[in-house]
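First the structure, in the form of structure tokens, and then the observations on it.
The values are calculated or read from the model by the stated rules, or taken from the named source; none is laboratory data. If you're wondering where the values come from, they're calculated on a predicted model, not measured in any experiment. As a convention, Cβ positions derive from the backbone with ideal geometry for all residues, glycine included, and neighbour counts pool all protein chains shown. For accessibility, only protein heavy atoms count, side chains too; no ligands or nucleic acids. Shrake-Rupley method; radii C 1.70, N 1.55, O 1.52, S 1.80 Å.
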Amino acid sequence: MSAEAVIRLSAGSLNVEILPESGGRISAFWSDLAGNRTDWFVPGPQSGGTDSGSTAWGSFPLVPFSNRIRNGRFVWNGEEHRIAVTEKSAPHAIHGHGRVVPWDVDDVSVTHAALSYAYSGEDWPFPYRARQVFDLADGVFRVAMELENTGTKSMPGGLGHHPYLPWRDGPVLATSFGSIWPAVDGVLPAGPEDIPGDLDFSGTEGRGLPRGLDTGFGGWNGQALVQWPGQKLSLGISGSETLSHTILFTPESKPFFCVEPVTHCIDAINLAAGGVAGTGIQPVPPGGRLAASMLFRPGVEGS
């Protein structure tokens, strides 16, 4: 990570660092209780000594789409579009532009920051404006996002965030999904299916997260609780109604995992064009906006 301006927010024991020039990325989110630091997101190199060659830290914005678009190609309103293939070692576009462009700082205070950038419609064939607003208050970290269509044609829209959470001694997840979108071609799904028993996290006690997932789930109820029982730590994650999907990413032998609240499934534009229902992809009309928000609530037993 190169040296750049860092936005630092603080409220009570909670602290956040944001890098506007590096994709508007949250580089660290932690609690400081009596001088003891607990990281809720894997900290970036400047904050916690993570290997400078790694990109698996913090949380980055997903805009104007989440996850992958097959072969960087999609059809929208009868027009075919091709965009840059950006996934390493695969032929797909991935994660949109927000994570790789500098964001403007519109407003900042001790507990609040607002960032934005304007996209004029080069590779992605629709101009738009994206916003992120970060707030710390009442023991909660709130992230709000907005995608505004500044063009003259309807555009497909998607939002989300991609937090890297520490694996520690193994997380337990409690949440409720209505469907799973399993991969049938690499990591790309063909449509929703019933959730198998070993991936049903809806019990009151939750279920230990298995390794090896890179999988989308639909029908999210907007509430999730991640627990690290051995460390007596927890992180509540809640999302607005537009965040109806979640991606679980739990790679083998890595010190992190991801619970990504998103508005749509993987390859949603192409699946919707093929008649698959429930993808979550949103048409955003000219001058229209798509908004989403999420809350992160840390818990430390005994504090």
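For the stretch 232-245, the candidate set comprises residues that are within 15 Å of Thr175 (Cα to Cα) and hydrophobic (A, V, I, L, M, F, W, C); within that set, the residue that is surrounded by the most Cβ atoms within 10 Å (Cβ to Cβ) is Leu243. Just wondering, is there one or more residues in the stretch 215-231 that are free of Cβ contacts under 8 Å to residues at least 40 places away in the same chain, part of a strand (DSSP E or B), open to solvent by 40 Å² or more (accessible area, probe 1.4 Å) and of a type outside the set (D, E, K, R)? Taking every residue of the stretch 215-231 in turn, none turns out to be free of Cβ contacts under 8 Å to residues at least 40 places away in the same chain, part of a strand (DSSP E or B), open to solvent by 40 Å² or more (accessible area, probe 1.4 Å) and of a type outside the set (D, E, K, R).
Residues in the stretch 163-174 that are open to solvent by 10 Å² or more (accessible area, probe 1.4 Å) and in a strand (DSSP E or B) were compared, and the one that is nearest to Lys232 (Cα to Cα) is Val172.
All of (1) out of contact with any Asp or Glu (no Cβ under 6 Å at 6 or more places or on another chain); (2) in a helix (DSSP H, G or I) hold for Ser234 with one exception: (2). Regarding the stretch 282-292, can at least one residue be identified that is at pLDDT below 95, assigned to a loop (DSSP other than H, G, I, E, B) and not charged (D, E, K, R)? Checking the stretch 282-292: not a single residue is at pLDDT below 95, assigned to a loop (DSSP other than H, G, I, E, B) and not charged (D, E, K, R). Only one residue in Phe296, Phe249 is aromatic (Phe, Trp, Tyr), over 18 Å from Ala190 (Cα atoms) and without any contact (Cβ under 8 Å) to a residue 60 or more places away in the chain. Which one? Testing whether each residue is aromatic (Phe, Trp, Tyr), over 18 Å from Ala190 (Cα atoms) and without any contact (Cβ under 8 Å) to a residue 60 or more places away in the chain leaves just Phe249. Take the conditions (1) modelled with pLDDT of 95 or more; (2) within 16 Å of the chain's Cα centre (by Cα); Thr55 misses just one of them, which is (1).
Would you mind stating whether Glu252 is open to solvent by 30 Å² or more (accessible area, probe 1.4 Å), outside any strand (DSSP E or B), closer than 25 Å to Ser116 by Cβ and modelled with pLDDT of 95 or more?
Numbers: open to solvent by 30 Å² or more (accessible area, probe 1.4 Å): yes; outside any strand (DSSP E or B): yes; closer than 25 Å to Ser116 by Cβ: no; modelled with pLDDT of 95 or more: yes.
In short, no.
Where strands (runs of 3 or more DSSP E) fall wholly inside the stretch 58-142, the ranges with 3 or more residues that are surrounded by 16 or more Cβ atoms within 10 Å (Cβ to Cβ) and on the phi < 0 side of the Ramachandran plot are 59-62, 73-76, 112-119, 128-137. In the stretch 14-37, the residue that is nearest to the chain's Cα centre (by Cα) out of those that are touching a residue at least 40 places away in the same chain (Cβ under 8 Å) and surrounded by fewer than 18 Cβ atoms within 10 Å (Cβ to Cβ) is Glu21.
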